[in-house]
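Take a look at the structure set out below.
The values are calculated or read from the model by the stated rules, or taken from the named source; none is laboratory data. Quantities reported herein were computed from a predicted structural model and do not represent experimental measurements. Cβ: placed from backbone, ideal geometry, glycine included. Neighbour counts: every protein chain shown. The protein model used for the area step is the full one, side chains on, heavy atoms only, and it has no ligands, DNA or RNA in it. Shrake-Rupley method; radii C 1.70, N 1.55, O 1.52, S 1.80 Å.
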Amino acid sequence: MIETDFILKDFSLENITNGIFTWKTPSNIALVKYWGKQQPQIPENTSISFTLDNCFTLTTLEYKLKNDESEVAERSRSFNFEIYFEGQKKNDFKPKIATFFKRIEQYVPFLMDFELIIKSENSFPHSSGIASSASGMGALALCVMSLEKTLNPTMTDAYFNKKASFLARLGSGSACRSVEGPLIVWGNHPKIEGSSDLFGVKFPYKIHNNFKNYQDTILLVDEGEKQVSSTIGHQLMHNHPFAKQRFQQANDNISKISKVLQSGDLPAFIEIVESEALSLHAMMMTSNPYFILMKPNTLKIINEIWGFRAQTNSNICFTLDAGANVHVLFPESEKEIVNDFIKSKLIQFCQENRYICDGIGKGAILINS
Ligand code: DP6
């Protein structure tokens, strides 16, 4: 599919007045990382992620057709929306949402015909350092698609999900991987059938049982605001001395991990996933300007994990996103032993001993309409 396939051309506002949708949309954790993009939100390399379950955003979109004369005159000229986060009106969130709406305007031209109220909350603490842009933008894109579906009820579920992912991507790249689960690929890749730069697709091959219900315990090492945002980090990949090699490495890792996910080869999985996490942070450390998002406790945890693996032959491993928190990944069959290890050895490195137990999820769900 190409961009123009996502432009809604004919729609009728007849019989539509007002309504409300709520979507629960999970976060995701990349195994092969997206770091570097071109406009408009086209990734420099393919990425793949586990969709999570317990870390999610709940977003409600209330819509009301503009109907008094001045409102109608304003139609097709401006977006009218208010945003609430965890019960509080958040005018400082408005510019980000306005930018998102501008980017998606040509694909969802009906949005300007409505007054919108967006209410959002996260299952994870706001200050946890867990990026909420994937679940947040994913949830908002899904709400917008539910509105589109009321205007175009014959739309198929497949198109609904593709376009939701397409719109989410324009809000935040990784958000396009939060619509479905359990494993989502984003970025065109010759070895992944159906993959696209425009939206995320489900990993199209049979996933080995070793990866069913894979666990992700997120250790909250640093709950402060990040010193360098992902947006800046992506920009720094332009003219980065290792950019070309990095994009090649990620695309090679996609070929490798695709085989591993089908064969169930856990040691090979660990090698790819940990190398990806460290390569991502190596890009940060070698940007101009350079920066470090890991904290001393991030490294302590990594060393503990390596020690435990060497001692026990466990298949525990770690990955990192653009921050100091550590995602501890392990097969469901090792839940008990790994959880004991986490509690006895790793929790001490978390801020206020905080961590979140999560695992692979199936994707977003519509809560009400
Ligand atoms: C390190 O999706 O947050 O988590 O597209 O600018 O919104 P924008 O960036 P974002 O970047 C995520 C980067 C990452 C790796 C990943 O999730 O693949």
**Equivalent ellipsoid dimensions for the stretch 1-90 as semi-axes, Å, which come from the Cα gyration tensor, largest first** = 33, 21, 14
**Asked** What Kirkwood hydrodynamic radius do you get for the stretch 212-359 when you take the inverse of the mean 1/r over all pairs of distinct Cα atoms, in Å?
**Response** 16.2 Å
**Message:** Over 10 Å intervals from 0, what percent of Cα-Cα pairs in the stretch 156-294 sits in each interval?
**Reply:** 10, 32, 40, 17, 1
**Item:** the chain: relative contact order in percent, alpha carbon pairs under 8 Å with at least 6 residues between
**Value:** 24 percent
**Request:** Among DSSP beta bridges whose residues both lie in the chain, state the antiparallel percentage, nearest 5.
**Result:** 90 percent
**Item:** Cα-centre dipole for the chain with unit charges at Cβ (Lys and Arg positive, Asp and Glu negative), debye to 20
**Value:** 580 debye
**Request:** Excluding residues on the same chain fewer than 8 positions from LYS345, give the lysines whose Cα lies under 22 Å from its Cα.
**Result:** LYS295, LYS300, LYS335
**Asked** Among the aspartates and glutamates, which fall within straight-line cross-link reach of LYS37, defined as a Cα-Cα distance under 16 Å, with same-chain neighbours fewer than 8 residues apart omitted?
**Response** ASP197
**Message:** Net charge within 11 Å of LYS89 by Cβ-Cβ distance, Lys/Arg positive one each and Asp/Glu negative one each, not counting LYS89 itself?
**Reply:** 0
**Prompt:** Just the accessible area per residue of the chain, please: how many Å² with a 1.4 Å probe?
**Reply:** 44 Å²
**Total formal charge among the other residues, if their Cβ is under 14 angstrom from that of VAL32, Lys/Arg +1 and Asp/Glu -1** = 0
**Request:** Give the carbon-plus-sulfur fraction of the accessible surface of the chain in %, rounded to a whole number; probe 1.4 Å, heavy atoms of protein chains only.
**Result:** 50 percent
**Asked** Over the Cα atoms of the stretch 204-267, what Rg and Dmax result, in angstrom?
**Response** 16.6, 41
**Prompt:** If we count every other residue with Cβ under 10 angstrom of PHE166's Cβ, Lys/Arg +1 and Asp/Glu -1, where does the sum land?
**Reply:** +1
**Request:** Specify which residue in the list SER196, CYS143, ILE118 is farthest towards the positive end of the charge dipole of the chain, using unit charges on the beta carbon of Lys, Arg (+1) and Asp, Glu (-1), about the Cα centre.
**Result:** SER196
**Prompt:** Equivalent-ellipsoid semi-axes (√(5λ), Cα gyration tensor) for the chain, whole Å, largest first?
**Reply:** 36, 21, 20
**Message:** Can you give the longest run of the chain that contains no trypsin sites (Lys or Arg not before Pro) sitting in a DSSP loop with at most 10 other Cβ atoms inside 10 Å?
**Reply:** 207-369
**Request:** Only helical DSSP H runs with n ≥ 4 go in: add -39500 (n - 2.57) per run for the chain, normalise by residue count and round the 222 nm mean residue ellipticity to 500 deg cm²/dmol.
**Result:** -10500 deg cm²/dmol
**Asked** What size of dipole, in debye to the nearest 20, comes out for the stretch 212-359 about its Cα centre when the only charges are +1 on Lys and Arg C-beta atoms and -1 on Asp and Glu C-beta atoms?
**Response** 320 debye
**Asked** Per residue, what volume in Å³ does the convex hull of the Cα atoms of the stretch 73-192 enclose?
**Response** 131 Å³
